[in-house]
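This report refers to the structure that appears directly beneath it.
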Ligand SMILES: [Zn+2]
């Protein structure tokens, strides 16, 4: 039996994983120093992680000779073979890959297909993908899915743009293809996890995804925030005064109806009488920003800054379509979010644009959910 309480052990594992995610490789001594843990504690957790196949040792050659003893050995998240099947169930496309414990920096997908309109057709396509990626016994199958997702129950509660997923038993479907546990991850939460270790600082942050929909997720103390309800971060469904548009959630006036890709195109068309694609929105933002776009960005800033003020977070990572807009638009948006956040009266509020890191986020979710807490607290 371990003398260390399970929750402390989990916190220690999380800290170590955080270090390994942010570094290419590190020695045991470096990891102990960086996490503030004792060398024996670090060594014990590393041994467990190595035994589980999460971490691997790289034997460095020192002047042509293999180095002797532990201090010279470097550790990293295992790259040797695919351990997870990751699936990105998108409104337009579904992507599938087999990935090792070491999550990729950049998106990596082996199979991509157009998302069908029924669960049966999707299952068939996924089964075909399994033939191609050849991961025999994955630790887990991790799925990113849009909408309101009850991750604990493995169910999609609401998905305005992918209605069939609400009635489909996604974990059951995937278990017909791979005999492994299945983890559903709400898509914006997957993106937030993908940011872990992708930047040098380890601050708390909020991810805001503005794409087909508008959503957010909070990373606090290296863990993703989860409230009591199977729903959080839904800033896209905050009603905006003066907005009367109907939303896919059943509400009226939601931020999403203005700020999503479709909402932006609609506003352009209402203002100009033309414009049918996102490229037209990009064009409209190239010089002087139109008033409707400023109003929309002000509404985004109100919702995002409310979340920052509420949780005491000073970093925002913006991903999705919004990151594809030209500088006059993104500069305006970043500026209004910073000014609207109360922390800007005291110190800097950082708002950055980033690419989507779905596959990275899914691997990290898989480690958090299925590998890390695994009954180590009661072993030994
Ligand atoms: Zn809504």
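The values are calculated or read from the model by the stated rules, or taken from the named source; none is laboratory data. All values derive from a computational prediction rather than experimental measurement. Here the Cβ positions follow ideal geometry from the backbone for every residue, glycine too, while neighbour counts run over all protein chains shown.
The figures follow:
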item	result
The stretch 181-211, residues that are closer than 22 Å to residue 334 by Cβ and part of a strand (DSSP E or B)	205, 206, 207, 208, 209, 210
Test: residue in the stretch 279-290 that is closer than 22 Å to residue 246 by Cβ, away from the ligand (no atom under 16 Å from the Cβ), assigned to a helix (DSSP H, G or I) and more than 29 Å from the chain's Cα centre (by Cα)	no
Selection status of residue 196, under 12 Å from the mean Cα position of the chain (by Cα), farther than 19 Å from residue 151 by Cα and surrounded by 23 or more Cβ atoms within 10 Å (Cβ to Cβ)	yes
Scan of the stretch 212-234 for residues that are within 12 Å of the ligand (Cβ to nearest atom) and either assigned to a strand (DSSP E or B) or closer than 17 Å to residue 351 by Cα (or both), ordered by number	214, 215
Subset tally (residues that are buried (at least 17 other Cβ atoms within 10 Å of the Cβ) and closer than 17 Å to residue 148 by Cα) for the stretch 237-254	6
Residue check, residue 257 buried (at least 19 other Cβ atoms within 10 Å of the Cβ), under 14 Å from residue 212 (Cβ atoms), touching a helix residue (DSSP H, G or I) at 6+ places or on another chain (Cβ under 9 Å) and at pLDDT 95 or above	yes
Filtered residues of the stretch 255-275 (kept if in contact (Cβ under 8 Å) with a residue 24 or more places away in the chain and within 13 Å of the ligand (Cβ to nearest atom))	255, 256, 258, 259, 260, 262, 263
Those residues of the stretch 1-43 which are in a loop (DSSP other than H, G, I, E, B) and modelled with pLDDT of 85 or more, in sequence order	25, 27, 36, 37, 38
Matching residues, the stretch 235-254, being more than 8 Å from the ligand (Cβ to nearest atom), in contact (Cβ under 8 Å) with a residue 24 or more places away in the chain and in a loop (DSSP other than H, G, I, E, B)	238, 240, 243
Test: residue in the stretch 303-310 that is over 22 Å from residue 217 (Cβ atoms) and either touching a helix residue (DSSP H, G or I) at 6+ places or on another chain (Cβ under 9 Å) or in contact (Cβ under 8 Å) with a residue 40 or more places away in the chain (or both)	no
